[in-house]
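Working notes, structure below.
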Amino acid sequence: MADHIHVVPNTPRELPVCYLCGRPIEKRPADPDFALSMDHVPPKQFYPKDIRLRVRGQLTRQPSHRTCSGDYKLDEEYFYHSMSIVVEQANPAIYQAMFSDLSRRAEAPQTHAIIKKLLGSASPVTAGGVYLPPGMAQFGLDAKRINRVALKVARGLLFAETRRYVPPKNMVGFDSSLGEGNDPELYQRIQKATAPKGVYPSIFAYWYLYLPPQRLHWMATSYWESVWFCMAFSDTQNPGA
Ligand SMILES: [Zn+2]
């Protein structure tokens, strides 16, 4: 049943499986959109350039169809730019590193359009599902796009940990928080229970925990020590153990 978590075949003769859609990736597909693309989890542009150059080769990459990961590109840009507003307030040191990247990339017309749109949408309304700390300038963030990227990253890390494709619908719990000192309770609990992973934790770190009695996979992620997402994924099927 494709809708459930299943074990990804990893014998050399088997084709790799796309961590986003769960389907095999052909060696030479008729449609080049379905060719193999090793996708960075999280996106590599989340690391400021000078750090990225230092950790190059150590960043997690997972197999995807070019079209499946490509479908997230604009939302990932949106995530990066909108979250930079949060980081600016919560973690000025890290923001300085991000800012040099942002100003360099703002010359690209697409990036510039996103920043313009973002600043144009400033409003006192908090989008549902994303909680902005009191006293902070509140922007009309598109929580749907932000959460979509956070979920993609969590599924990619879960794939890396378990070699299992996890459909989005298996996510049974979600919590997020933005800003210093606002890390969710769930995140704090996972942090106590297990060690963080990540090649450069102040930029990105994650905590993974499997709870057999509940058959739940917990994934907590920290971006720029300013933004937290915690997710729980149901292990709804005994994957042929
Ligand atoms: Zn795919």
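The values are calculated or read from the model by the stated rules, or taken from the named source; none is laboratory data. Bear in mind the structure is a predicted one, so any value in this text is a computation, not a measurement. Glycine gets a Cβ as well: all are built from the backbone with ideal geometry, and neighbour counts include every protein chain shown. Accessible surface is based on the protein model in full, side chains and every heavy atom, while ligands, DNA and RNA are left aside. Shrake-Rupley method; radii C 1.70, N 1.55, O 1.52, S 1.80 Å.
Structural remarks
- Residue check for K192: at negative phi, open to solvent by 80 Å² or more (accessible area, probe 1.4 Å) and touching a strand residue (DSSP E or B) at 6+ places or on another chain (Cβ under 7 Å): no
- Residue among E225, E161 that is among the acidic types (D, E) and surrounded by 17 or more Cβ atoms within 10 Å (Cβ to Cβ): E225
- Every pair of residues 6+ apart whose Cβ atoms lie under 6 Å, when the first sits in the range 43-58 and is assigned to a loop (DSSP other than H, G, I, E, B) while the second is open to solvent by less than 10 Å² (accessible area, probe 1.4 Å) and not charged (D, E, K, R): Y47/I203; P48/M98
- Within the range 146-217, strands (runs of 3 or more DSSP E) holding 3 or more residues that are touching a Gly at 6+ places or on another chain (Cβ under 9 Å): 204-211
- Per-region count, the range 195-222, residues open to solvent by less than 70 Å² (accessible area, probe 1.4 Å), more than 27 Å from S82 (Cα to Cα) and out of contact with any helix residue (DSSP H, G or I) (no Cβ under 9 Å at 6 or more places or on another chain): 3
- When residues in the range 53-91 are screened for being of a type in the set (K, R) and either out of contact with any Asp or Glu (no Cβ under 9 Å at 6 or more places or on another chain) or over 30 Å from P32 (Cα atoms) (or both), 3 of them pass.
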